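Structure first, then comments.
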Amino acid sequence: MVAAALRYLKPNAARAVIYGGKLPRGQPEFSGEHDVHHVGVIDARTLPARLTLEDAGVELLDIDTGLHDEEIGGAGKARYLEAIADLIKRRTQAFFVHSFSGIVRNAVNAGKPGSENNAPVHFVHNDYSAISALRSVRALLPDRADELLQRPFAVINAWKPLYAAVEQHPLAVCDARTIEPTDLVPVTFEFAGRTGEMLSANHREEHRWYYYSAMNPAELLLMKLFESRAGESLWTLHTAFDDPTAPANPRPRLSIEVRNFVFF
């Protein structure tokens, strides 16, 4: 277990705004008031039983797409999206998976002129609310939305490091079984001229946080961001954090995340 300072949303604060995409250097990614809490983050590799999407809302898989990381972040991104869709479809036994986005995060290049990279996100959040999940399906799949939304569906994030194992800004995930609906707070999301909605959270002592130490490019972390089926994990709060056990000069983190609409 490592000690980490996680940035929650301050209770009873005015509605916050999260700014996504490629922000100029110095522009804050978050307009709200933070509430920093020092928590223990457990290395999930030390657990006696593995975490799964169905219970904790998170699961670590081995991945081999046949693509080099240089291709995944560039010309081969479309093939990577197809590979992720196929992997998630097989893992969840889904009827249809639509994979999209492919956001590359790099703290060194984020905000530089011409860079397509975003910075790691250092506050507790979930990328979708129930409202924005439905709206996003209709926006991205307008011709099939009415048909597909008659089925149960989930939104799953597929996250993996690029090039090397993570030494800086690892990802902490909150066990979905420890999250209560009353913990969650809707926040406005501004991205590329569009306005949407995400979730942040107020702190609660019962939240149980995990990370996977030295996660490497041959591993893929799945996180449940929304679920319409009863009895399944619903949300997975997550955040980058500063690891006090990191090397003195850690390798800058590069990672890619793919969002997936999963219809059952």
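The values are calculated or read from the model by the stated rules, or taken from the named source; none is laboratory data. None of the values given here were measured: they were computed from a predicted structure. Note that each Cβ is placed from the backbone with ideal geometry, even for glycine, and that neighbours are counted across all protein chains shown.
Quick one: Ala240 ticks every box in (1) farther than 20 Å from Val17 by Cα; (2) at pLDDT 95 or above bar one, so which box is it?
(1)
Within segment 164-213, restricting attention to residues that are at pLDDT below 95 and among the aromatic types (Phe, Trp, Tyr), which residue is nearest to Met1 (Cα to Cα)?
Selected residue: Phe189.
State the number of residues belonging to segment 242-264 that are in contact with a strand residue (DSSP E or B) (Cβ under 9 Å, 6 or more places away or on another chain) and part of a loop (DSSP other than H, G, I, E, B).
Total meeting the criteria: 7.
Loosely packed, with under 15 Cβ neighbours inside 10 Å, farther than 26 Å from Ser132 by Cα and of a type in the set (A, V, I, L, M, F, W, C): does that describe Ala230?
Criteria not met by Ala230.
Quick one: how many residues across segment 120-140 are touching a residue at least 40 places away in the same chain (Cβ under 8 Å) and under 15 Å from Phe226 (Cβ atoms)?
Of the residues in that region, 13 qualify.
Within segment 63-110, can you find the residues that are farther than 21 Å from Val137 by Cβ and in a helix (DSSP H, G or I)?
Asp69, Glu70, Glu71, Ile72, Lys77, Arg79, Tyr80, Ala83, Arg90
State which residue is modelled with the highest pLDDT when the search covers only segment 103-129 and only residues that are surrounded by 16 or more Cβ atoms within 10 Å (Cβ to Cβ) and among the small types (Gly, Ala, Ser).
The selected residue is Ser129.
Which of the residues that make up segment 34-54 are more than 30 Å from Lys10 (Cβ to Cβ) and either of a type in the set (A, V, I, L, M, F, W, C) or in contact (Cβ under 8 Å) with a residue 12 or more places away in the chain (or both)?
Within segment 34-54, Arg45, Leu47, Ala49, Leu53, Glu54 meet the criteria.
Any residue in segment 39-62 that is basic (Lys, Arg), modelled with pLDDT under 95 and part of a helix (DSSP H, G or I)?
No: zero hits.
Quickly run through segment 175-209 and pick out the residues that are out of contact with any Asp or Glu (no Cβ under 9 Å at 6 or more places or on another chain) and assigned to a strand (DSSP E or B).
Hits for segment 175-209 are Leu184, Val185, Glu190, Phe191, Arg194, Thr195, Glu197, Ser200.
When you go through (1) touching a residue at least 40 places away in the same chain (Cβ under 8 Å); (2) touching a helix residue (DSSP H, G or I) at 6+ places or on another chain (Cβ under 9 Å); (3) farther than 29 Å from Phe264 by Cα; (4) not β-branched (Val, Ile, Thr) one by one for Phe95, which number turns out not to apply?
(3)
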